[in-house]
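Working notes for the structure below.
Read-outs throughout are calculated quantities, based only on the coordinates presented, and are distinct from any laboratory measurement. Not measured: the values here are computed from a predicted model. Every residue, glycine as well, gets a Cβ built from its backbone with ideal geometry; the counts of neighbours run over all protein chains shown.
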Amino acid sequence: MASSSPFLNPSARSRPGDLAIVLLARDSYQPITLEQSTGVVDGYVEGKVLNTRFGSFPHSTFLDVPWGSQIRASHVDTGSRGRKRKLEASGEDTSIPGADDETKDSEAGNQLTRKAASAPSGFVHILKPSPELWTSALPHRTQVVYTPDYSYILSRIRARPGTRIIEAGAGSGSFTHASVRAVYNGLPQKPEDKKGKVFSFEFNEDRYHKMQDEIFEHKLADMVHLTHRDVYGEGFLVEGKSPEATAIFLDLPAPWKALKHISRRRPQKDGETPKPDNGDWISPLDPKKSVHICTFSPCIEQVMRTVTELRRLGWVDVDMVEVAHKRINVLREKVGLNLPNKKGCNLTPANVMESIDRLKVINEKTKDFNNAQKEKDGDAMAVDPSDSGKANGREEEDEKPWAQGRVVHRPEGELKTHTSYLVFAVLPREWSEEDEAAASAKWPCGKETKTIGSVDKAARKQAKRELHHMYEMEKGRKRQKRSAGEKQAIGEVTQTST
Ligand SMILES: C[S@@+](CC[C@H](N)C(=O)[O-])C[C@H]1O[C@@H](n2cnc3c(N)ncnc32)[C@H](O)[C@@H]1O
């Protein structure tokens, strides 16, 4: 069964009830849930309206358009809302008979929403939600994990369709959305169905509730199980059962305190000898698979404590990575002396000829100035440097503004500030006597009765014969060589004796 979440199965066109990301300007996003209004909303006769610095946008203008469309601002009539505000400012009684009627009408669904007329104030783009856009647009409740980090983390912890991930803490849900998309392989039909799923844990009650609301709004409730819990003390079981996870991501202030619960055996205190489980301890891990973990810590002291604890608990392949992400900007650069002095234009010579022309102008100007000084008429000739190479400038003018100049790519001058250190490790699956016996029965090692592969008995015999033949040939050649050598030696001896 397929999910209806816009993050997993988006529609081709925007629909009422969809989450949409409104792109206001570069790196400026506004998430909204699209509403189909049937009457006056908040005083607007156009229905629900998004107000931005680029103008007002009734939701009706965002609906039933292909994702990525440019939407122009609209003239909106504030109606009773405007009148109410004016009265509030003047301190008069704010109950306006007309306004109340309007609201009542709208509540009753009697007053129809008026069609919006476009305004020249500006435009925005409406974008289909994705985890990357959500990370840029989400309301920050905490420090979040950004796309360069989480894309690398998800690949290292082997998150793929069908994987079951444990995540703590959930925070603002940035990593949660990215991991849901990574593990999604359809919705579970029955509770025992083992489909890809994210088991998320958050300790802060306010964040837990906000995150829970978001999961429902984004139609991800079948894919994300959020638990309000302190994982240091209470571990990672969900309603007393094991999530059977194979991938773990810990974005916690002290990840080493939670590691004891991510074990295949009952957690031991430091220095304590392991006790038998008696079957009363449940591990949150998949017993049949290796488990990959990543912990996210901003400082090296936390990394060291985590690594020590990982080693103590038997994790292997422990390593640490820092993602130093650099954005490369692609832009059109207009270089030349004859360009208008405006944004995006670099007023330096574009080539050697242009610099020679410029030098000629400067020399000419200096000569004229000196001549003028000599003649002492005090009227130095003014030379307009922009006179030279006009043709070049006109050429540029003929081109469309967006096609002018050269396309260049340039990395940002500075690396983004350090985000975090990523510690990775693997906990191999446990291997019992029974597992060894089962593997030996399936793949008998050292007791082979027949050759593995496609070579049959006749072919093997033939190969043996050929080998023997080659051996005999080689032996014959060596014998011949030896007897020829002996004959030569005898001849030499005979010659010297005569
Ligand atoms: C940095 S935020 C996580 C951000 C998140 N990874 C994201 O991408 O949005 C860390 C979260 O861990 C939670 N937290 C701290 N200690 C916890 C604990 N013992 N159990 C569960 N959550 C905890 C905090 O409340 C906080 O929301």
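Values for this structure:
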item	result
Sequence of Phe249, Phe62 once ranked by neighbouring C-beta atoms within 10 Å, starting from the fewest	Phe62, Phe249
Built amide H within the under 5 Å cut-off of Ser56, gap 5+	Ser74
Dipole in debye (nearest 20) - the range 203-317, about Cα centre, beta carbon charges: Lys, Arg +1; Asp, Glu -1	560
Estimated FRET transfer efficiency when R0 is 35 angstrom, pair Phe216-Arg327 (beta carbons, to 0.05)	0.55
Set Lys461/Lys481; Lys241/Lys288; Lys48/Lys128 screened for pairs whose C-alpha atoms are more than 23 Å apart	Lys461/Lys481
Cβ charges +1 (Lys, Arg) and -1 (Asp, Glu), total dipole of the range 1-61, debye	140
Pairs of alpha carbons in the range 170-229 whose separation is greater than 15 Å (percent)	45
Per-bin percent of Cα-Cα distances, the range 7-46 [10 Å]	24, 40, 31, 4
Overall form of the range 1-70 per C-alpha gyration tensor (a/c, 1.5; a/b vs b/c)	oblate
Charge dipole (debye, nearest 20) of the range 128-187; +1 at Cβ of Lys and Arg, -1 at Cβ of Asp and Glu	180
Tensor-based shape of the range 131-280 (alpha-carbon gyration tensor, a/c under 1.5 rounded, otherwise prolate or oblate)	prolate
Sequence of Val408, Val76, Val361 once ranked by neighbouring C-beta atoms within 10 Å, starting from the fewest	Val408, Val361, Val76
